[in-house]
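Below is one structure, written out as structure tokens; comments come after it.
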Amino acid sequence: MFKKFHIFNRTYLKNAFLLILSRKFFLKSGHIPPKNHKIPSHFFGLSITIEDLIEDPLGVVEMCRQHKVRDITILIPSNRISEFSATFLDDLIVHNIKFNLKLVIVDHEDIYMQWRELLDLTLLGYQAHIASIEIEMTNLGKQSLDIFLKIWAMTFNIARLKKIKVAGPAISSFSPFFNDMVFNLLKEKYQLPDIHTINLTNEMDTEPEAIYSNFLLPKLGKFFKLNLIKKLALIQRITEGFNIKTIYGGIELKRHEITSYTLRAIALLIASGRLNKLYLPYRNAESILFLMDRMQGMTYLGSLFNNAPFEIHHFKNDKEQMHAIWARDDKTLVPESFYHIEDIYTAKIYDSHGDIIDRIDFKITDTLIYLVWRSMDPIIFIDSPKVIDLHDTSIMPVS
């Protein structure tokens, strides 16, 4: 079907346009997170590398213990298979942690036999602790696709024999068109995954709320109001069309810090209601622990003041309610413009790391902050709020 595949292959483009013409793209207000859904109680997992297993296994164990993490994805790059040993898991299995073995195909080297040997040895002694086996495809070229399909077929057969779930293909471009094409290929071979996984890493370097202007064709993304939330909704529709009900997301940061864009994207991923689980990088998790501890099991009540130059996302459980809030477009805003002063003074206000902010002089910037109240407290916004931008002192009405 796609023997001569490349990104501008006629069959690929035809498949893409058929997807556009289907009803899947037409989601009313799909760029806004849907209201009133519960976040899974164990929504977060950790992504760990071979270095983490070698250098800091006890640190991984302690983070899992303190923050009630039950799932770990172990990243195994295809050019480093020989460095992985199943004995790395010994320090972790006593804590009832389940593992996802994830092969990341990073080059065109033939690693078929190496991967087969790794699976055989790991499953021999650790099968009870392996929840799934995942294959990630990092390149969209024809040769990469051929290698992926070969490795996938072997992995799929072993997993079915051992009654282990198969996950993937975790395409790093997060392209609905390419995902749809790969699913069609796997459907022909009766090798569809149990879990669809998405590599969200490339989504962390841009404003996650922004509408993508270019998507396959110039301005097509703007026409469909396509942003991170709507892409997830579209992926969910595609996977459900192949009878795949579970979607996991993963973030594998290349740098040593998490930016404000990353934190905002993670908050939106939580609010989206499209993911069953989100794996976060162990080495960068310190900045996200507040989210991990607070939001799991909460109900997402909705987004407030859509189309304003700021974002407020409302979460609630039996004990407390929380607003995750930030400004867009590099603005610095005065919270008294839309919160009553008494509500500000009854709130506990936390920065992105979970440290308390002095409520007397805090401002709303492009970095995520959290306002937390008791669950029973009524939060009433000013009837006709105005947003004051401290950078240019202009006043803009909130629609």
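Observations, loosely collected:
- Charge context of Lys165, other residues only, Cβ under 11 angstrom, K/R +1, D/E -1: +2
- Computed lengthening from Val94 to Tyr190, 0.36 nm per intervening residue step minus Cα-Cα distance: 31.0 nm
- The HN-Hα couplings worked out from phi for the range 16-27 by the Karplus form 6.51 cos²θ - 1.76 cosθ + 1.60 (θ = phi - 60°) are 5, 5, 5, 5, 4, 6, 6, 6, 4, 6, 9, 10 Hz, whole numbers, x standing for Gly and Pro.
- Compactness index (Cα Rg / 2.2 N^0.38 Å), the chain: 1.04
- For the range 297-350, trypsin sites (Lys or Arg not before Pro) meeting the loop criterion (DSSP other than H, G, I, E, B) and having at most 11 other Cβ atoms within 10 Å: Lys319.
- 5 angstrom amide H check on His37, placed H, neighbours 5+ away: Tyr300
- Paramagnetic label zone (point 7 Å from Cα along Cα-to-C-beta, Ser260; backbone N under 20 Å) in the range 287-313: 287-291, 304-313
- About its Cα centre, the chain has a charge dipole of approximately 2260 debye under the convention of +1 per Lys or Arg Cβ and -1 per Asp or Glu Cβ, with nothing else charged.
- Amide H contacts of Ile312 (H built 1.01 Å from N, in plane; Pro and chain starts excluded): Leu304 sit under 5 Å, all sequence-distant by 5 or more or on other chains.
- Cut-off under 5 Å, modelled amide H: who pairs with Asn317 long-range: Thr299
- Inter-label distance, Leu289 to Asp146: 4.9 nm, where each label sits 7 Å from its Cα along the C-beta direction.
- Length gained on full extension, Ser85 to Glu62: 6.2 nm, using 0.36 nm per residue less the C-alpha separation.
- For the chain, the share of DSSP beta bridges that are antiparallel, to the nearest 5, is 50%.
- Between Phe223 and Leu21, residue separation times 0.36 nm minus the direct Cα-Cα distance comes to 71.4 nm.
- Those GluC sites (Glu not before Pro) in the range 62-111 that DSSP places in a loop and that have at most 12 other beta carbons within 10 Å: Glu109
- Violating pairs (Cα-Cα greater than 22 angstrom) within the set Lys165/Lys316; Lys163/Lys187; Lys38/Lys162; Lys68/Lys230; Lys98/Lys165; Lys24/Lys230: Lys165/Lys316; Lys38/Lys162; Lys68/Lys230
- Listed values for the range 87-101 are Karplus-derived 3J(HN,Hα) couplings in whole Hz (6.51 cos²θ - 1.76 cosθ + 1.60, θ = phi - 60°), namely 5, 4, 7, 4, 6, 9, 5, 6, 9, 6, 9, 9, 10, 10, 7, and x replaces Gly and Pro.
The numbers here are math on the coordinates, done by the rules we state, and not lab data. Not measured: the values here are computed from a predicted model. Using ideal geometry, Cβ is built from the backbone for each residue, glycine included, and neighbour counts are taken over all protein chains shown.
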